[in-house]
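> What follows is a single structure, and I will ask about it in a moment.
The values are calculated or read from the model by the stated rules, or taken from the named source; none is laboratory data. Keep in mind the model is a prediction, meaning the values are calculated, not measured. Here Cβ is always computed from backbone atoms with ideal geometry, including for glycine, and neighbour counts include all displayed protein chains. Accessible surface is based on the protein model in full, side chains and every heavy atom, while ligands, DNA and RNA are left aside. Shrake-Rupley method; radii C 1.70, N 1.55, O 1.52, S 1.80 Å.
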Amino acid sequence: MIIPPSDSASYAVFYNLLQRIAMIFVTGASGNVGAAVVERLRDRQIPFRVGLRNLERAQQTGGEAVRFDFLDARTYRTAVQGCDAVFLLRPPAIADTRKTLNPFLEVARQEGVRQVVFVSVAGAADNRIVPHYGVEQHLMQNPGGWTILRPGFFAQNLGGAYRTDIVENDRLFVPAGQGLVAFIDGRDIAEVAVKALLEPDAHTGQSYTLTGSEAMSFDQVAALLSEELDRTIVYKPASIPGYGFHLLRRRMPIAQIAIQTILHVGLRYGQAEAVDDTLPKLLGHPPHSMRDYLHDFRSLWLRSSH
Ligand SMILES: NC(=O)c1ccc[n+]([C@@H]2O[C@H](COP(=O)([O-])OP(=O)(O)OC[C@H]3O[C@@H](n4cnc5c(N)ncnc54)[C@H](OP(=O)(O)O)[C@@H]3O)[C@@H](O)[C@H]2O)c1
């Protein structure tokens, strides 16, 4: 009889061997979720290969590294050769997934990839407008194992899209009104992704809607930020045109401004308010809270003089 090891790192290796996951190809490894996936694979000594547009950046992750670009189909095949599983992330700038992610998936299946874990977005199942929809359909309609993660709004937006406003102007400036948001930490998405990569039999064919455990307003987020940073951060609800001009001044492309605006206006109407209990069930422990996230990443919002 095979006895599984008791500590979690060896247990993951054991599962890896048991289910014959020889190599995992990771996309988006320099981003919020992908970097956390890589960190977890590295900690558990699971073999992985990172594909990024910038090879040097991929090499810095500590795994095998290849140059990989969704916009360059010549990079697809070598990226996935010898891999059983793929962590698939749609880069935010890629809108047409039919010409990028879907052809990549076809090559991956030809090369023997059995399990694909895809980071989609909450609500994508019934929303043909979001680019993730086409990828979900492609996964479901073609042979091969898959797990779809549909996360809500990321806490990491505070360290990304909102960071400059916080650092330079001590404010959050989005057109979200008084809407509540069940922010999810990208590290928890990564943890679920790794489970689905290492234990495909337990998760294949499943779609999971994932949110944080508490819905909060931007006023509450600003208060938590103020507490963490020891300086006052305020939430200024933006008007739609005011937000558009703000992003224009930041030189954001018009298409992206439109998407950002639609997403944030949706928050006013409670689009990201619902709390789903799937995440803690999959994790086996409570997810990171907003307070945890702000504490762990606090250096992102410090001014150079602090
Ligand atoms: N933000 C939210 O609140 C939210 C909520 C739900 C779902 N989502 C979804 O989550 C995804 C974003 O995840 P994230 O925040 O982890 O991403 P992210 O931090 O923006 O990172 C994007 C990653 O994609 C890579 N990339 C960019 N262009 C590429 C290309 N042409 N070929 C190959 N790789 C490329 C980037 O690498 P380099 O730039 O280093 O090349 C980077 O590693 C999106 O699909 C988004 O719709 C986001």
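> Residues in the range 206-213: is at least one open to solvent by less than 10 Å² (accessible area, probe 1.4 Å), under 14 Å from residue 291 (Cα atoms), touching a residue at least 40 places away in the same chain (Cβ under 8 Å) and over 20 Å from the mean Cα position of the chain (by Cα)?
No; the residues of the range 206-213 include none that is open to solvent by less than 10 Å² (accessible area, probe 1.4 Å), under 14 Å from residue 291 (Cα atoms), touching a residue at least 40 places away in the same chain (Cβ under 8 Å) and over 20 Å from the mean Cα position of the chain (by Cα).
> Enumerate the pairs (first residue in the range 269-293 and at positive phi; second residue anywhere and surrounded by 15 or more Cβ atoms within 10 Å (Cβ to Cβ)) with beta-carbon separation below 7 Å, excluding pairs fewer than 6 apart on the same chain, so at least 6 apart or on different chains.
Qualifying pairs under 7 Å: 270/179; 270/180.
> Of all the residues that make up the range 97-120, how many are closer than 22 Å to residue 53 by Cβ and open to solvent by 50 Å² or more (accessible area, probe 1.4 Å)?
4
> Could you list, in sequence order, the residues of the range 31-61 that are away from the ligand (no atom under 15 Å from the Cβ) and open to solvent by 30 Å² or more (accessible area, probe 1.4 Å)?
If the condition is that a residue be away from the ligand (no atom under 15 Å from the Cβ) and open to solvent by 30 Å² or more (accessible area, probe 1.4 Å), then 42, 43, 44, 45, 47 are the ones that fit.
> Limited to the range 214-241, what total is found for residues that are of a type outside the set (A, V, I, L, M) and in a helix (DSSP H, G or I)?
7
> Give the range 138-161 a look and list any residue that's near the ligand (Cβ under 10 Å from one of its atoms) and part of a strand (DSSP E or B), or say none.
Correct list: 149, 150, 151, 154.
> Out of 267, 283, I need the residue that is in contact with a helix residue (DSSP H, G or I) (Cβ under 7 Å, 6 or more places away or on another chain) and at pLDDT 95 or above. Which one? Working first, answer last.
Working: 267 fails: in contact with a helix residue (DSSP H, G or I) (Cβ under 7 Å, 6 or more places away or on another chain).
After ruling out the rest, the residue left standing is 283.
> I'd like to know if the range 121-137 contains one or more residues that are open to solvent by less than 10 Å² (accessible area, probe 1.4 Å) and part of a strand (DSSP E or B).
No, because not a single residue in the range 121-137 is open to solvent by less than 10 Å² (accessible area, probe 1.4 Å) and part of a strand (DSSP E or B).
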